[in-house]
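See below for the structure under consideration.
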Amino acid sequence: MKKIAIYGKGGIGKSTTAANLSAALAGLGHRVMQIGCDPKADSTCLLMNGRQVPTILDILREQKGEIRLDDMVFPGFGGVLCAECGGPTPGVGCAGRGIIASFEKLESLRAYQVYRPDLVIYDVLGDVVCGGFAMPLRKGYAEDIYIVTSGEKMSLFAARNIAKAVEQFKGRGYAQLKGVILNARGIENESEIVKAAAGEMKTEVVAEIPRDPTIQICEAINTTVIQGAPDTPLADRYRMLAAAIAD
């Protein structure tokens, strides 16, 4: 089982990238599980054709009696297993602690042993890398880290912070930064800017996703590009990324 965390600044297209990656991996014949680690709980929406699944935190708070895996994990497009950690009641509690509680519950129910996925994709908010948001970097939850960024200043600022956090855990034998995914915003010299930043982070750009209206068209009908526009060059970009990550 390969365990991968996708980090990136909020709003950078991280969840869209993760969902298309999961769909592409499933299309290559892999059994995939995607776990959303953002309080917005929208990581798996495109895989569920617009349906927002119940979050693990909501189930832990509200459900009486025995909690089962199928209360928290739902099959989506291509058989991708979808789960969302969720977050606390707005204004109360810590979203990072919610991630910890969700991970512990999945572990206690032996989710990975039961479903036996080939790849687990953690989709993690990267504006802050503290407490629970660093959980995928700790205790062996994720082995490979990929950072989604554009060439915009604040996106690269967040990417560098994430890279520093990964470096902190590297000495403990936990996760490794495997590369940067450029999700282009169309700014001047964007590819060169991001490649230079990746070099500073001692890694490389593993894929460039161009600015393409196909993404918005597919999101409007609640699908990934892999499902909604499978014959487009953009879908091929996601498949190439999936093949590189799987290998």
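The values are calculated or read from the model by the stated rules, or taken from the named source; none is laboratory data. Source: prediction; values computed, not measured. Every residue, glycine as well, gets a Cβ built from its backbone with ideal geometry; the counts of neighbours run over all protein chains shown. Side chains included, ligands, DNA and RNA excluded: accessible areas come from the protein's heavy atoms. Shrake-Rupley method; radii C 1.70, N 1.55, O 1.52, S 1.80 Å.
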Just the number, please: carbon plus sulfur as a percent of the accessible area of segment 20-82, 1.4 Å probe, no ligands or DNA/RNA counted.
-> 49
How far apart, in nm, are two points set 7 Å out from the Cα along the Cα-to-Cβ line at Glu152 and at Arg185?
-> 0.3
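Ranked highest first by average number of other Cβ atoms within 10 Å, how do 109-116, 236-243 line up?
Details: 109-116: 13.6, 236-243: 18.6.
So the peptides 109-116, 236-243, ranked by packing, come out 236-243, 109-116.
Quick one: dipole size for the chain, taken about the Cα centre, charges +1 on Lys/Arg Cβ and -1 on Asp/Glu Cβ, in debye to the nearest 20.
Values: 28 positive and 28 negative charges, 138 e Å.
Dipole size: approximately 660 debye.
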In this model, which of Lys14/Lys202; Lys40/Lys195; Lys105/Lys164; Lys40/Lys170; Lys139/Lys178 are farther than 25 Å apart at the alpha-carbon?
-> Lys40/Lys195; Lys105/Lys164; Lys40/Lys170
Skip the ligands, DNA and RNA, and give the accessible area per residue of segment 152-191 with a 1.4 Å probe, whole Å².
-> 58
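What order do you get for 40-48, 153-161, 202-210 when each peptide is scored by the mean count of other beta carbon atoms within 10 Å, highest first? Could the numbers behind the result be given before it?
Working: 40-48: 23.2, 153-161: 18.4, 202-210: 16.3.
Output ranking for 40-48, 153-161, 202-210: 40-48, 153-161, 202-210.
Counting each pair of different Cα atoms once, what's the Kirkwood radius of the chain in Å, rounded to one decimal? Could you put the intermediate results ahead of the total?
On the way: mean 1/r = 0.0558 Å⁻¹.
Computed over the chain, the radius equals 17.9 Å.
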Select from segment 35-110 those GluC sites (Glu not before Pro) which occupy a DSSP coil region and have at most 10 other Cβ atoms within 10 Å, ordered by residue number.
-> Glu66
Check: segment 1-140 dipole with +1 on Lys, Arg Cβ and -1 on Asp, Glu Cβ, in debye | 300
Per residue, how many Å² of accessible area does segment 1-130 show with a 1.4 Å probe?
-> 40
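When the helix-only estimate is applied to the chain (DSSP H runs of n ≥ 4, each -39,500 (n - 2.57), divided by the residue count), what is the mean residue ellipticity at 222 nm, nearest 500 deg cm²/dmol?
Working: 9 runs with 95 residues, N = 247.
Computed ellipticity for the chain at 222 nm equals -11500 deg cm²/dmol.
Over the chain, what is the relative contact order in whole percent, taking alpha-carbon pairs under 8 Å and six or more residues apart? Write down the numbers at each step before the final one.
Numbers: 499 pairs, mean separation 62.9, N = 247.
Normalised by residue count, the contact order of the chain is 25 percent.
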Whole-percent carbon and sulfur share, accessible surface of segment 191-247, 1.4 Å | 52
